[in-house]
Structure formats: C-alpha cells, structure tokens
C-alpha cells in the first residue's frame, strides 16, 4: 500500500474546523419534539432505539485499527432518569414533574459508577456524565483501549463526539410578535416559560435582563465563581433563574491543552474582543427573552400589552420576542473556539441545578450552534429526539455557511444538529427594517438627527469627542465628488472643517473610491467627511481612511442636510453609541440572507430548514457594556427570535407537546420569502416561510405528516423511475389535528415554488374536521417519467465562483450542481383567509436501466485484441438527462461493511465497493493523435449513496508514479468555498511538501451537463496525464490506492482503503472505445450501442468495471442472492476472458435438435466440453458438473470458499470444490442427510427440479 500523503491530513484538519460546532454569527443549530396530543409519546426518528446485541453493532470495527486519542460518548442501556421516573402525563406536558429525587440520585450514582468503570477499563479520561435525558459518559482516550468497551453488556452504543461551533425592535413588528403581546385579554409574553440558552453564557448584569446596567457590575460579577445572590444588586432573579458554566473562559475543544473543561456555577458571558464587542450568548438571550432597553439606557419595565409600534421603535434595544420568559444559561463555549460538551449541556437542561428534582427543567432549548455538512445521525440528534419525547422543545439555527465563504445556497450545508428529526431549524431572512448609524446635528432648522453609515477604517472607540464633532462646509462644485486634490485656495475654506460632497452619481455609480476622497480632504486640512448619498441603503460599506472620521448619508438625510445648510451653519457630532442606533427601511425586506444555509432535499426522507425569521443586522444586548446594544447577523440571531415565539405558543397552549408546538410555528409561517426578482424561495431553503407569532399562537388546528409527524413537513423523497415505467402515483397522508371545541372547514390550494414537467399534486378541494377530531388528508403526486426534465429552482443562481478571500484569487468557477424538485406549500384557508400551510417536496429523477449484455467478454483467440459488447436496456435521453457510461479495468473489489460496525451509518456512503482505472491515451494513439494529451480516470462505486459529496466525505486516490511505494500525486475529492460542486483537486507530493497542481470538476463535467452527481454511489475522478508527469515516451506503470474517510471517523486512519493497484495508462490491460458523449471518460449508455473492449496480447484474464451513471440505485444491501451479492444497479463487473472455446463440438452437428442451446452454453463457457473436442450429448450429468453449470450461469460471481469442507466427500482439492460450496452457500443444495454431496452421482429429474 502506498504511503499516506500530506493533503489527507489537511483534509482532516479542515474537517475539524468545519465541524467544530460554531456560534452562528453568521451561525446555526438543532432541535426536538414528540407525538401528537392525547397519544402516548412515540419514539421519533433518530431516537434511542436499541442497538442490536453484538458488540460490532455498537462500535465501529475501525476502532480496532484506530490510533491516537479520540473522544466518544458511551451510551449506557436503560432510560434516562426523567423518562424513568416521570409519568406519561408529565412526558406529554399535561402535569408538572413529580419530585423523585431519591430515584434520580440513585440513577445518577449508578451512571457515575458505570462511567468510572468504563474510564478505568479503557484507561480513558472521564469528561462528564449524563443521566437525565440519556444515561452515558463522555470519555477521551486511546482508541485501541476504548474498543473493548463494546463488549460490556451495559453499553448501548458508542458514538463520536463532534465539536460544535457557535453559529430586534423592527423584527417584532414583522413577525406579528408585538400584535401577540398587545391582543386584548389574551396577550402572551412568554410568562411562566423557561428558556435554556446553550451558548457562550449570558451577561445577566446587562440592563436588558434587569441587571444594574453598568460596566462595573459586569466586572464585579466576572470575578465570581458562583451566581450572585438575589440581594447582590447584580442580577434580576425573576429573569435570570439559574445556570452553569460547563467549561470556563480558557476552554477550546480544538486545542488539546485547553480542551479540559474547568466548570463553575457562574455562566457569565465573556468579552473576548475588548469593550463593546458583544458576546454571542448574551445577544441570543436578549433576542429571545430580554426585557428591552429604553432610549435613556434603562430596563423597560412597562406593560408589553400596552406597547405601541412607535414606542418600540424608540427603544435602544427592543424586547425579546418572549420578554416575560425566564432564562437559564448553560455555557458550553470558552472565550474562543469550539465545544464538545453540548451533550452534557442538553442533559443539564433537564435538571439545571443537578439536585434530582426536575421541577427546574427548561421548557425550550435554544441552540445557536452547529456544524456544516454534518449528518443527521450525529449523537446530539439522538439526545434532542429523546428530549422531545420528554416534553422539551429545541430550536436550532440552520447555519450560515461560515466555512463556505458565506454561500448558503449550497446543498446540505445545514448540518447537525439542526437536521435532527425533532429539531425546528431556522433560516435567516431580512426584516422590513434595519439598524442604521446616526449623527447628531445642530442646525437653525431644528434638524436633530441624520442617518447613514460610518466609515469602516477609522477607530471610533479611541477617538475623543472633539475628533468626532465639527462644522460642515460644502466642497467646491468643481470637485463635487472630492476625487481630485483640492487647490491651496480651496483648502483655506476647508481647514478644520467637516467637508461635505457627493458620494455617487445619478445612476448610483461612484467615480472613485472612498479612501482617495478621505485622503484628499485630509490633505486640504479637513478633519471629517460627510458624503451625500442618493440611496436609502447601500449594500457595500465605505472604507474611508484610518485618520479622519466620516459617514455617508441616506438620500432622505441628504435632503434634510441640504435644507439645513441653506439656512445657516451646521455642526455634526458622531459617537460610538450612535452606531446602529436608528432604524430605516430595508432594501431587501423579506428576502433571504445569502449566507443562510440550504438544507436537505429529501435524500433521507426529509427536508430542512423548517421556517425563517429575521436574523440580519439584529440589535441586541452587548456583553460587558452595561446597557448598550450591538448588531449581529446570522441564523444564530434568527433562532432565538423563534425560540421566544415558541414560548408564546407554549404559554397559550399548555397542553401542546413539542411536536405540536413545532407544527403550530411551521403551519403559521405565512409570509413568503422572495428574492429580488420576486421568485419565492423553495421549502428546502426557507421552510414554510417567515414565522408569524400571532398565527402560531392562534393555531388550534395543526397539520403534520402522518408518517413522520416529528418532522411536520411532507417529503416524498428522491424517487427513481425509468422513462418507460408509465404513470406513477405516490401518496402521503397529512394529519389535520383539531384541538378546538368547534369544527373547521378548509379549502385547499397549492402554491408551487419549484416545478417539473410531468409532476402534479392532487388533494381534496375541501376538508372538514370536527371538534377534537383528527382527519387524514391524502396528497397524491402524479409523475409521468417520460416528461421529466431537469429544472432549476428559479431562486437559484446557476453560476458560482470559489475565491480565496485572503488573496482575491479565483480558485474555481463553473455551473453549480442541483437537483430538480417539485415543491411548495399546501395552503388551508378558512373563510377566505389562510389558516395553515404545509411544506411539500418531491424530487423525482428519471433513470436508465442499462447493462452490458454479456456475462463474459470473450476473444476468438489468444492473439485477438478486440471484442465488441452490446449495451441493452432502457436508455435515458430527455429534458437535460442523458444516460452515461464509464468503463474501467477493474482494480479492486471491497465487501460491504455492516452498517452497525460503522461509527455512523451514514459512513456507508464512502464504504468502497468497486474501484477501477481507465485511460484514453491508447484510443488517441489508435486515432493518430498524441497520447500524451490523454487523461487518466478512476471509477469508484460505494455501498451507500450520498446526497452530495462535500468536505465531510473524503475520497482520495494516491498515485505512485515511480514505484517507490510513496504517493507522488494525490487526487482528492473536495470543495472550494463558494462553489457548490465537488472538485478533484490534484496535489503534487514531495517529501512533506504538497502543492496544488490543478482543480477539475468531479465526473469531468460542470453542473450544466448532468452526470448524476447527487443521490448516487458512483463517481469518476479524471486528471490529464501531463499533470502527473506521465508520458508515452516513458510509458511507465503506476500504482494507485483508493482511500476514504469522513469527519465522523475520529481515531481511525480511514473508513475504507484498497491495497496498491498496478495500472499502465499507455498500455493498459483493458481499454475501451465507443460512442463519445462529449464528457471526458464517459460514453453514451444507450440501448443497441456498442463498446469495443481492447486488451493486451498477454493471455491474462482480467475484469472490466462498468459504471452506468444514470441507472437507479438498486439494492445495495450486500445480501446474498441467487445471482450473487446485491450490489446495486449502477456498477457492473464482467470478466474479460483470455480466449473463447470453439462452440462447434465435433459430435454436435448443426442439425442436432439442441444445437443452438449447446452452442449457447459453450459460447458462455458454461460447458467447455471434453479435451477431444466432443460434447457427448447423450451422457448423464453428475452432481459436481451440475454445480459448475449453476455457478457459471450466475456469471461466476466472486466467492471465497470456506477452508473447511461442508461435505465429507468433497475435499478441498476437488476440481469443483468452489462451485459446490457456492451452491450450498446460496441455499441451492443442502446435500444428503449423511453429510455427503455425492459429486459423481447422476442428477435425477426430481433433484434438477429442486435445484432450479
């Protein structure tokens, strides 16, 4: 095997960064829920279903070959203490938790004992235990010792812990939250609801949480290790009711020396970047449940039911969406870095003070954290789904493409734990208003405030008051844009003044950059800049310079200043406190922030995210500032907005369980999210729409999918049909659940966001549901496979570019990948008004059904070099789809790893199945062209499909070009940030140094040519031979090794690997020519097409690997069948024989009754006759020869016979030992009762019938 190379380690490092659960500052998270009301709690998808009994099913066998330190969660058998000790009524939120402290403490003691035992047994370090939601322990230790823990009878499963990263006033109006507070007699403000903020801590001394609102109070609290007492004056215990710091300031899971938590009982947020920078958890908590801060910097103590829009807009920090809810802070992040204690935090939510009494349990969990591209079987997802069954609702951020250059429109970028079954995943949309910078003005017209945006490069925090104040004078008209230097005479009037000039021209273009203008003003003696703008909001800020302050005014403020200047002198004053202190209309109102992550598209039977909320330029509490606010953007900010609204729903519907709360929120998200062109975003981008607090609170009838109620939305999945399969209909049931005391009648209408020709939804035009009744509504999707086309989401951009942000260099650019879907919202209206909306999604894919029509490729003689095979089956050629075929010399075959033996079942997508290589250099040479212009292609199939290839799934081909057993080049399947398309990155390796040679699209084509790159298990890595330094003049053989890995395989060197495989690109053992497709390395795969299979003249039997790229997935279970192992429908292996036996036996003349049949079995080498050239047609057949017939008729499948014979009369050296053992393994024969097979015995007709 070749030596592993440097870029592989780089890939691991990228994975660690990408999955370190990030604070969603442009950030994201996960959630949970349970069954419908009046039903006993049901186990939801991804919850703690018992693993199978053997140790291999509980932990990856890869641990046996793992090296180094790993961190895992060891789940013990048995229910968590909450579920174990509480009644069904408590779990359904119908009763308060009963005090069962003694039982809980006994369970905790048992778990602690088990944890110490497993740590001692494995020589591992015990990080923490959980016992409330699930019984288990997190340990860090050597993988070789941890593996033995799977043998313990008390171990349920062992899962890797994946570190997580951290991911208002106008918004309350946009989402009808203010209207919900102020409703007469029924206003809801979250009173009595407890929200757990799992984050970086909370600054409870801030005025937004009822604290004293001074910097000194923050510093005093920071010195404590316990929460301040209620009478300390530092904390409002009516708002902030408790919490814990699980990690300490210095903790960072990604830095070994800082990865040990130092917990204490004071979850105060830290201020990592100096004064006023703002802490993530503090900001999040304020958005969910802050009281609000008035314009004069004091805590708002008024009645929210009487609050007006004008009063709300006048606040310096608006209230959280549930201003009367209480806050629990569970700190999981240090001042910097990521966290691996989210599991512990979720368990702590069930009993925050750890006394065994669950009465202090949180009702809702806010998780503004997560990891991009992470799978739904992440261990946090199990915990979240378990908590949902126990009545705790979790709201999670969808993510912000933090590690993808902020390009959120990237398939499956939204990862774990937001994609947990029970999670409510929140996207980040723009509200109708946005924060805006202000300056105070002194004028004769009475004008007091001007609005605009401050320059970026000047440090306003270090400027004196005199530096930020001055008289405004206009620049001379000849230099109206200040793009030219001012003359000495002009400078006299500008010296010591703030110079006013125009920023942009009438068409909103600007004649020069901001820095040159600021420099020109400074050179003329000016001390500040005021620029006249012609737009109300600009998408690009102004830089200015670092030495003088300045701002750009909005169009309306420009007009006000012009009038004031005409009336007399004007003085302006800037101040750090004035930044983001105003609000103005948003130019992207109810659009989606481009960084908000696209979710799953139905591959695993679900779609995400679930809904959207305002999360862009949200002003909330700034840590350590006393009473000031700060503006943050991200799904982390959208998530607590919804968390607070969930508290309003919980207050209004105290009998609703988490699933019902989720349904109410999703059903009521009635405001559509549209792009600038007016196209509505699809459900796998924004969910049902913008959250609507009033609609959610009013929801007495809810809708959810009958098959997966915990997900609420209805996803038919990715469906595969051949064009000739006829009209297909698929049905799903939507439950209409009426909790009201009166009946309701709805008319139904479907609003499409994405469409495909040949796909139609049908549903009842009207449905009535009685009081307290549940009724199923059938939705049918009708699919005509012959009309399917590859259509793009109209809100999607086809072209994308990957850039290095540090250098500005373009790394790759091309057409993105995408799938066609028919999706939208099913609208239930009552009395002409929308009442409920339900997300519906299907992704039908037309597929081919092609095969090479040969079980063996034969040649007429040893010297013959060409053989033709015919392609047969159902061709695909319609609407942007065309069936394609890759043909390779088979290099390796790999058995399926049982799913239970993988660290995560989703790792099956990189469990190698077949590997092969191909080169077009021989074909170029045969055509009279330069073979050095050829390319090398590696075909790979796996035992599991992937929704999309991304950083979390890693495939490499390590190439040894000089046969020194060390990789000289590596082909890495990877991504470049900003481009939603998997790439083949070519690395040159020299010692410990590695250099990127080039980047090519996977499958050798961009997204405008469909190669079935998503929801598949086949891929082709192509690279020009020149990139590898390979030439026909040298014509050397190479050795290649294929290796796969995932982010979720810590402690193992790989998920799967081959040994070194020899291949000669210029003189391969097998090469192919056929109908060219226009895609390098791929032929047209059509019925009646032909491939010519060329080979060396060396009398060596080989095998060909054919990848039918557009075939259906088929059965990838790996189970044994009569035709061999179930390996799916895309990969096909065919033997390439040395020569064909002459089918014309001397004793079988052409007029023989069975001449055709005998010739047929001879041509396929099922029967090779006798050495004298005869067939002996009248002889009886013995049982051994019959076994050979059956084996060869099945295509001589790969089979390794046992080392111990199954039959006493068939020894290992029997000429048909393998074939007879294969017959037994397939269940075709069981032999005789005495343990014999009797190979020389004749095959009677009754035995023949039994065999068949």
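Checking residue 1087 against (1) more than 32 Å from the chain's Cα centre (by Cα); (2) closer than 30 Å to residue 1009 by Cα; (3) in a strand (DSSP E or B), only one condition comes out false. Which one?
(3)
Does the stretch 903-922 contain at least one residue that is in the same structural domain as residue 1085 (by TED's automatic domain parsing), surrounded by fewer than 19 Cβ atoms within 10 Å (Cβ to Cβ) and under 22 Å from residue 1109 (Cα atoms)?
Taking every residue of the stretch 903-922 in turn, none turns out to be in the same structural domain as residue 1085 (by TED's automatic domain parsing), surrounded by fewer than 19 Cβ atoms within 10 Å (Cβ to Cβ) and under 22 Å from residue 1109 (Cα atoms).
So, in the stretch 801-822, exactly how many residues are outside any strand (DSSP E or B) and surrounded by fewer than 18 Cβ atoms within 10 Å (Cβ to Cβ)?
Residues that pass the stated criteria total 6.
Whether any residue in the stretch 1053-1065 is within 21 Å of residue 911 (Cα to Cα), in contact with a helix residue (DSSP H, G or I) (Cβ under 6 Å, 6 or more places away or on another chain) and crowded, with 23+ Cβ neighbours inside 10 Å is what I want to check.
yes
When you go through (1) in contact with a helix residue (DSSP H, G or I) (Cβ under 9 Å, 6 or more places away or on another chain); (2) assigned to a loop (DSSP other than H, G, I, E, B); (3) not assigned by TED's automatic domain parsing to the domain that holds residue 828 one by one for residue 694, which number turns out not to apply?
(2)
Output the number of the condition that residue 815 fails; it satisfies all remaining conditions of (1) more than 18 Å from residue 688 (Cβ to Cβ); (2) modelled with pLDDT of 95 or more.
(2)
For the stretch 1122-1138, how many residues meet the condition of being at pLDDT 80 or above and either part of a helix (DSSP H, G or I) or closer than 17 Å to residue 1189 by Cβ (or both)?
Qualifying residue count, the stretch 1122-1138: 1.
Which strands (runs of 3 or more DSSP E) sit wholly inside the stretch 465-535 and have at least 1 residues that are within 17 Å of residue 552 (Cβ to Cβ) and not assigned by TED's automatic domain parsing to the domain that holds residue 575?
none
Quick test for you: out of 1101, 1075, pick the one residue that is exposed (fewer than 15 other Cβ atoms within 10 Å of the Cβ), touching a strand residue (DSSP E or B) at 6+ places or on another chain (Cβ under 8 Å) and at pLDDT 95 or above.
The match here is 1075.
Would you kindly identify the helices (runs of 4 or more DSSP H) lying entirely within the stretch 293-406 that contain at least 2 residues that are crowded, with 24+ Cβ neighbours inside 10 Å?
Helices (runs of 4 or more DSSP H) meeting the threshold: 342-349, 379-389.
Condition first: part of a strand (DSSP E or B), at pLDDT below 95 and out of contact with any helix residue (DSSP H, G or I) (no Cβ under 6 Å at 6 or more places or on another chain). Can you find one or more residues in the stretch 785-800 that meet it?
Yes, some residue in the stretch 785-800 is part of a strand (DSSP E or B), at pLDDT below 95 and out of contact with any helix residue (DSSP H, G or I) (no Cβ under 6 Å at 6 or more places or on another chain).
Between a first residue in the stretch 741-761 that is outside the structural domain of residue 835 (by TED's automatic domain parsing) and a second residue that is surrounded by 15 or more Cβ atoms within 10 Å (Cβ to Cβ) and assigned to a strand (DSSP E or B), which pairs have beta carbons less than 6 Å apart while being 6 or more apart in sequence or on different chains?
Hits for this filter: zero, empty list.
Kindly establish whether residue 211 is surrounded by fewer than 24 Cβ atoms within 10 Å (Cβ to Cβ) and part of a loop (DSSP other than H, G, I, E, B).
no
Does residue 771 qualify as being within 26 Å of residue 705 (Cα to Cα), part of a loop (DSSP other than H, G, I, E, B) and at pLDDT 95 or above?
For residue 771, the condition - within 26 Å of residue 705 (Cα to Cα), part of a loop (DSSP other than H, G, I, E, B) and at pLDDT 95 or above - is met.
What is the one condition in (1) at pLDDT 95 or above; (2) touching a strand residue (DSSP E or B) at 6+ places or on another chain (Cβ under 6 Å); (3) outside any loop (DSSP other than H, G, I, E, B) that residue 637 does not satisfy?
Answer for residue 637: the failing condition is (1).
Residue 661 is checked against (1) touching a helix residue (DSSP H, G or I) at 6+ places or on another chain (Cβ under 8 Å); (2) surrounded by 24 or more Cβ atoms within 10 Å (Cβ to Cβ); (3) within 27 Å of residue 780 (Cβ to Cβ) and fails just one. What number does that condition carry?
If we test residue 661 against (1) touching a helix residue (DSSP H, G or I) at 6+ places or on another chain (Cβ under 8 Å); (2) surrounded by 24 or more Cβ atoms within 10 Å (Cβ to Cβ); (3) within 27 Å of residue 780 (Cβ to Cβ), just (3) comes out false.
Hey, could you check the stretch 1139-1154 for residues that are buried (at least 16 other Cβ atoms within 10 Å of the Cβ) and modelled with pLDDT under 75 and say which is farthest from the chain's Cα centre (by Cα)?
Ranking the candidates gives 1143 first.
Could you tell me whether residue 873 is modelled with pLDDT of 95 or more and at positive phi?
yes
Mind listing whichever residues of the stretch 1202-1227 are in contact with a helix residue (DSSP H, G or I) (Cβ under 6 Å, 6 or more places away or on another chain) and closer than 16 Å to residue 1123 by Cα?
1219, 1220, 1222, 1223
Taking the options 961, 945, name whichever one is surrounded by fewer than 22 Cβ atoms within 10 Å (Cβ to Cβ), assigned by TED's automatic domain parsing to the domain that holds residue 1060 and within 22 Å of the chain's Cα centre (by Cα).
Matching residue, one of 961, 945: 945.
Condition first: over 13 Å from residue 392 (Cα atoms), part of a loop (DSSP other than H, G, I, E, B) and under 37 Å from the mean Cα position of the chain (by Cα). Now tell me which residues in the stretch 96-107 satisfy that.
none
Mind checking which residues of the stretch 908-929 are under 19 Å from residue 886 (Cα atoms) and outside any helix (DSSP H, G or I)?
Answer for the stretch 908-929, where residues must be under 19 Å from residue 886 (Cα atoms) and outside any helix (DSSP H, G or I): 912, 913, 914, 915, 916, 917, 918, 919, 920.
Against the definition (within 30 Å of residue 704 (Cα to Cα), surrounded by 14 or more Cβ atoms within 10 Å (Cβ to Cβ) and modelled with pLDDT of 80 or more), how does residue 94 come out, yes or no?
No; evaluated as a whole, the condition is false for this residue.
Please work out which one of (1) part of a strand (DSSP E or B); (2) in contact with a helix residue (DSSP H, G or I) (Cβ under 8 Å, 6 or more places away or on another chain); (3) surrounded by fewer than 22 Cβ atoms within 10 Å (Cβ to Cβ) is the condition residue 702 fails and give its number.
Going through (1) part of a strand (DSSP E or B); (2) in contact with a helix residue (DSSP H, G or I) (Cβ under 8 Å, 6 or more places away or on another chain); (3) surrounded by fewer than 22 Cβ atoms within 10 Å (Cβ to Cβ) one by one, residue 702 breaks only (3).
Residue check, residue 969 against (1) buried (at least 23 other Cβ atoms within 10 Å of the Cβ); (2) closer than 19 Å to residue 1015 by Cβ, all met but one. Which one?
(2)
Identify, by number, the condition in (1) farther than 28 Å from residue 593 by Cα; (2) out of contact with any strand residue (DSSP E or B) (no Cβ under 8 Å at 6 or more places or on another chain) that residue 311 doesn't meet.
(1)
The values are calculated or read from the model by the stated rules, or taken from the named source; none is laboratory data. As the structure is a prediction and not an experimental result, all values here were calculated from the model. Here Cβ is always computed from backbone atoms with ideal geometry, including for glycine, and neighbour counts include all displayed protein chains.
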